[in-house]
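Trainee: Starting off with a structure, shown below.
The values are calculated or read from the model by the stated rules, or taken from the named source; none is laboratory data. Because the structure is a prediction, the values reported are computed rather than measured. Please note: Cβ atoms are built from the backbone with ideal geometry, for glycine as well, and neighbour counts cover all protein chains shown. To get the accessible areas, we keep the full protein, side chains included, count just its heavy atoms, and leave off ligands, DNA and RNA. Shrake-Rupley method; radii C 1.70, N 1.55, O 1.52, S 1.80 Å.
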Amino acid sequence: MSGRNDHQTVTLSVLLKRELANEKIEKPDIVHGQAYQSKKEEDFTLLKNECQRAMGDGVTTFSVYGLFDGHNGTAAAIYTKENLLKNVLSAIPSQLNRDEWTAALPRAMVAGFVKTDKDFQVQARRSGTTVTLVIIEGWVITVASVGDSRCVLESAEGGIYYLSADHRLEFNEEERDRVTASGGEVGRLNAGGGAEIGPLRCWPGGLCLSRSIGDMDVGEFIVPVPYVKQVKLSTAGGRLVISSDGVWDNLSAEMALDCCRGMPAEAAAAQIVKEAVHAKGLRDDTTCIVVDILPQEKPAAPAAQPKKQVKGVLKSMFRRKYPESASTAEKEYVEPDVVEELFEEGSAMLSERFVLWRSSKLAKIVS
């Protein structure tokens, strides 16, 4: 009789230990840091490390990081910082379990971006902003972006992954095709006498970006629909670098990651900004957020291992188009068993669904 009870006690103890171990695996330690140098004071950030949400009969947490690079004033960036997350979360049904919640998140992000843009247009203010929004739930990272800020992931195993898209018309052929197919024009600034200068722009309006929140005054071809990517890290973790174009115009992803190797998140962000400004001087607002996603009780940032070369179909799973001038480092990827891709959506077709809505909205504001 006593042996049976002893057996039950030991079994329960083992189960509890396993449960505790599983909880540590499911919830990484997340540490962040940020740094910036301002030229126009139009960059804003959102940093929330412990957001709570109800799940069944309990509560769980997730982390949120956002970067908003405004142009033509700060109104759109400030409004988006204050309202975007609320709009994303309101698009997700309540009481979902973890897997259901993360599965619903990508489309909720699209809905949240569009609603935020729609609500901001009611104010009829001439301002716009790029957005990179990152939500981390367990080991799952979901990123939604419009504009030319970027989010780059380096896994602990050494792979570099691009979790955002660059919506500058200069570099994005698909977006150029979308704009022209919708009736817009893409070209450089006419300097007179047939000379053209500067980057490619969308006309009317002359914006260099094809997607943003706000910017109603520059035409209906600029859409708020984000590129969304969701990936799952291995439990070894990784490092995210979220930066405005003030960083990426001066540093490649590999340069940014290499310059802060082994540093904690706060020091890493400061070093990236320092390197970017040192390269060409302070020409634009230069902002960087570094997020380390670590196994619990691991004190240091993950050190990258040598990158693995991948051939054929496997490599194409994580490939995106870059201009010919892009560095070799920006085209390297690792095997997809290290970082699992769960969702990706950023097609021009998705954007085109909203052209008619924005056109009608513009007509209402003008009238």
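Trainee: Loop only by DSSP, 12 or fewer other Cβ within 10 Å of the Cβ. Give me the GluC sites (Glu not before Pro) in segment 23-53 that pass, ordered by residue number.
Mentor: On the way: sites: Glu23, Glu26, Glu41, Glu42, Glu50; in loops: Glu41, Glu42.
Loop-located and lightly packed - Glu41.
Trainee: Now, a different point. Rolling a 1.4 Å sphere over the protein heavy atoms, what is the accessible area per residue of segment 151-271, to the nearest Å²? Before the final figure, lay out each step's value.
Mentor: Values: 3810 Å² over 121 residues.
Accessible area per residue: 32 Å².
Trainee: Decide, for segment 117-265, between rounded, prolate and oblate: order the square roots of the alpha carbon gyration tensor eigenvalues as a ≥ b ≥ c, take rounded if a/c falls under 1.5, and otherwise choose prolate if a/b is larger than b/c, else oblate. Kindly include the intermediate steps, with their values, before the conclusion.
Mentor: Numbers: a/c = 2.52, a/b = 1.72, b/c = 1.46.
Cα axes put segment 117-265 in the prolate bin.
Trainee: Counting only protein heavy atoms and a 1.4 Å probe, tell me what percentage of segment 155-246's accessible area is made up of carbon and sulfur.
Mentor: Values: 1380 of 2860 Å².
Roughly 48 percent of what the probe reaches on segment 155-246 is carbon or sulfur.
Trainee: Still on this model: Hey, what did segment 136-217 get for relative contact order, percent, Cα under 8 Å, at least 6 apart? If you can, show how the numbers build up before the last one.
Mentor: Details: 116 pairs, mean separation 20.2, N = 82.
RCO, segment 136-217: 25 percent.
Trainee: Report ³J(HN,Hα) in whole Hz for each residue of segment 267-273, in order, from the Karplus equation J = 6.51 cos²θ - 1.76 cosθ + 1.60 where θ = phi - 60°; Gly and Pro get x.
Mentor: 5, 5, 4, 5, 5, 5, 5
Trainee: Once you sort the root eigenvalues of the Cα gyration tensor of segment 190-294 as a ≥ b ≥ c, which label holds: rounded (a/c under 1.5), prolate (a/b larger than b/c) or oblate (the other case)? Numbers along the way, then the final one.
Mentor: On the way: a/c = 3.13, a/b = 1.64, b/c = 1.91.
Taking the square roots of the gyration eigenvalues as a ≥ b ≥ c, segment 190-294 is oblate.
Trainee: Shifting gears a bit: What does the C-alpha gyration tensor say about the overall shape of segment 87-188? Classify as rounded when a/c is under 1.5, otherwise prolate if a/b is larger than b/c, or oblate. Walk me through the numbers before you get to the answer.
Mentor: Details: a/c = 2.36, a/b = 1.29, b/c = 1.84.
Verdict is oblate for segment 87-188.
Trainee: From the phi angles alone, apply the Karplus equation (6.51, -1.76, 1.60; θ = phi - 60°) to segment 141-158 and give each ³J(HN,Hα) in whole Hz, x where the residue is Gly or Pro.
Mentor: Each residue of segment 141-158 in turn: 10, 10, 10, 10, 8, 10, x, 10, 6, 9, 10, 10, 10, 10, 6, 4, 7, x Hz.
Trainee: Ala195 versus Arg53, label points 7 Å from Cα toward the beta carbon: distance in nm?
Mentor: Distance between the two pseudo-spin positions: 5.4 nm.
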